[in-house]
Amino acid sequence: MIKRRNYIKLMAAFMVAGTLLSCEKSLEEVTYDKFSESNFYKTKEDAKLAVTAVYAPLNPDGYSIWGVGLGGLVPQSSATTDELICSWGWPGWPMFNNLNLSETFPGDALFVFYKNLMPAISNGTVVIDRLSGMSFDDKAKQTYIGEVKALRAHYSWILYSYYGPVPIRVDAAAIGDPNTASIPRPSKAEMVAQIEKDYKEALEVLPLASALPASDYGRFTKDACMMGLIKLYMQEKRWDDVIKYARELQKLGHSLKSNYADIFTMENNGDNKEVIFAIPTRMDANSSNMWLAHALPGNYADPSGKALTQWGGYKMPWKTYDKFEKDDKRKQRLLTKWTTSSGESYDARAKGEIGAIPMKYGIDPNATGEKHGVNTVVWRYADVLLSLAEAINEVSGPTQEAYDLVKTVRERAGLKGWEQNLTKEQFRKKLMDERLFEFWCEGGIRREDLIRWGTYIERAKADGSQFAKPEFVLWPIPRQAINESKGVIKQNPGYN
C-alpha cells in the first residue's frame with residue numbers, strides 16, 4: 001500500500017520523465033520533489049501530467065510491461081509457448097519453455113507484472129479521486145478520468161490473465177490510510193465485472209481514435225476500450241459480447257495495411273487504421289523499442305549498411321517456423337538466411353542455429369545503438385477480424401462471414417482463403433495456426449490463445465516438459481504479498 005504523500009513524490013518522478021520525452025523546448029527548472037496536496041492538482045495541466053504518469057508502466061524500456069527484455073510481457077509470455085526460444089544462458093529461458101514454474105523462479109521474473117501493476121492500479125485509483133475533486137472544463141476532466149479508468153482496466157486485465165483474480169484497490173480512501181487492512185482476492189466474476197465496468201465507463205467519455213490529435217497518439221480511445229473488452233471477452237469465452245464489440249469496431253473506419261511488414265516500421269508510427277493501440281517510442285529517450293537488439297544475430301549485416309546493436313538471443317523454433325505456408329508473406333520478417341558482416345551468405349538452419357530470427361520490427365534510421373523509435377504495437381485490427389471469425393464459429397459454426405473474415409487477413413499475406421467445407425472443430429484448429437502466423441511475438445497473444453483453446457499445458461508436454469501441470473496456466477502470487485497480508489491473500493493452486 002502506498003501512502004498518498006509517497007504517491008505524489010512517485011508521480012512527480014514520472015512527470016519529469018514524461019515532460020522530457022514530450023517537449024523539445026527549453027525547460028525552466030522545477031523542484032518536483034516539493035509537490036504536495038496543497039500545490040498540485042490545481043490546474044488542467046496538472047491533471048494531464050497526473051494522467052500521463054499513470055501510463056508510465058507501459059514504458060517499453062527495461063523491466064516495464066511492454067519492454068522486450070526478460071521483464072517484458074512479450075518475451076516472457078512468448079517463451080512459454082511455441083513461438084519463442086532464447087539462446088542465452090540464463091536458466092529462466094528453458095524454464096519458461098518447459099513451464100517449469102515456481103515461487104523460486106530465477107530473478108523473481110514471474111512477479112514483475114504483479115509488483116509493477118498492483119501499485120500502478122492503486123496510483124490510478126488515487127488519480128481518479130483527485131481529478132474528481134478538481135474544477136476545470138468538465139469534458140476534459142471526464143476524458144482524463146476515462147483514460148485512467150481504461151488504464152486501470154488494462155492493468156487489471158493483464159494481472160487477471162497471468163495471476164487470476166487479485167486484490168486490486170478501487171477505493172482511494174483505503175489506499176491513503178496506512179491502517180487499512182489487507183483485502184482477500186476477489187472471485188473471478190467480481191474481477192471481470194470491475195475490468196468490464198472500467199472499460200465501459202471509459203468508453204462513454206473517450207474520443208474515437210480518428211478524432212485523437214496526433215500529439216496524443218498512444219493514449220486510450222473508444223476504439224482501444226472496445227478492443228480491451230474484446231480481449232477480456234475472448235478470455236472468458238463470452239462469444240456474443242465479442243461479436244457485439246467487434247462489429248462496433250468494424251464501423252469505425254479501421255482497415256488492414258496492405259503490406260504486413262509495414263505495420264512494424266517507423267513509417268507506420270501514428271497509424272490508427274490497423275493499429276488500435278500502440279506504445280509510442282523514441283530512440284533518444286528512456287522509452288524505446290529494443291526488439292532488434294535482442295533478436296538480430298551478431299554476424300547479421302543489414303542491407304541498408306547501417307551498423308546495428310545485435311545481441312542475438314531470440315529465435316522462433318524451426319518446428320514452429322515450418323508450420324507457415326511456403327508463400328506466406330508474414331514469414332518474410334523471420335530470417336533464415338542473411339548476409340554476414342564479412343559478405344558471406346549464412347544459412348541459419350544449416351549452421352545448426354536453434355531457430356529463425358524473429359525480426360518483427362523495422363529499423364529506425366536514426367538509431368545509434370540498441371534503442372529504436374519504432375512504436376510497439378499492442379492491439380491491431382487484424383485481431384478484431386480473427387477474433388470475430390472465432391466467435392462466430394463458436395456460436396454458429398463456420399459461416400460465410402467467418403470464412404470471409406479469415407480470407408481478408410490471409411489475402412494480405414498473399415494466400416487464398418480456406419476451402420469452405422470445414423466443421424466447427426476443423427475451423428477452430430486451422431484458426432489456431434492462422435493466429436500464430438498473424439500475431440507471432442505480439443503482445444502475449446499466443447499465450448492467451450493457447451490457454452483459451454486448452455492447449456497451453458499440452459504444448460509444453462508435447463515438447464518434452466516433465467514439469468508442466470494444469471495449474472500453471474497461472475503464475476504464482478509473490479510470497480511477499482502473501483506474507484504482508486498475513487495470509488489473507490492466498491497463493492494460486494500448484495505453488496503451495
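The values are calculated or read from the model by the stated rules, or taken from the named source; none is laboratory data. Note that the structure is a prediction, hence the values are computed from the model and not measured. Reconstructed Cβ throughout: ideal geometry from the backbone, glycine too, with neighbour counts over all protein chains shown.
Of note:
- Residue among 356, 367, 391 that alone is in contact (Cβ under 8 Å) with a residue 40 or more places away in the chain, in a helix (DSSP H, G or I) and aliphatic (A, V, I, L, M): 391
- Only one of the listed residues (233, 260, 245) is farther than 26 Å from residue 153 by Cβ and crowded, with 20+ Cβ neighbours inside 10 Å. That residue is 260.
- Every listed requirement among (1) crowded, with 19+ Cβ neighbours inside 10 Å; (2) in a loop (DSSP other than H, G, I, E, B) is met by residue 342 save one, (1).
- For the stretch 140-180, taking the residues that are polar (S, T, N, Q) and modelled with pLDDT of 95 or more, the one that is surrounded by the fewest Cβ atoms within 10 Å (Cβ to Cβ) is identified as 142.
- Which numbered condition residue 307 misses (of (1) among the small types (Gly, Ala, Ser); (2) in contact (Cβ under 8 Å) with a residue 12 or more places away in the chain; (3) surrounded by fewer than 19 Cβ atoms within 10 Å (Cβ to Cβ)): (2)
- For residue 193: the one exception among (1) in a helix (DSSP H, G or I); (2) of a type in the set (Gly, Ala, Ser); (3) touching a helix residue (DSSP H, G or I) at 6+ places or on another chain (Cβ under 8 Å): (3)
- Of residues in the stretch 439-496 being among the acidic types (Asp, Glu) and touching a residue at least 40 places away in the same chain (Cβ under 8 Å), the one nearest to residue 163 (Cα to Cα): 448
- Among the residues of the stretch 285-313, the one identified as of a type in the set (Gly, Ala, Ser), assigned to a loop (DSSP other than H, G, I, E, B) and under 19 Å from the mean Cα position of the chain (by Cα) is 288.
- Residue count for the stretch 267-315 satisfying the condition of being over 15 Å from residue 218 (Cβ atoms) and hydrophobic (A, V, I, L, M, F, W, C): 11.
- Whichever residue in the stretch 314-339 is assigned to a strand (DSSP E or B) and of a type outside the set (A, V, I, L, M, F, W, C) and, among such residues, is farthest from residue 86 (Cα to Cα): 339
- Within the stretch 56-100, the set of residues being of a type in the set (A, V, I, L, M) and closer than 20 Å to residue 156 by Cα comprises 56, 58, 65, 73, 74.
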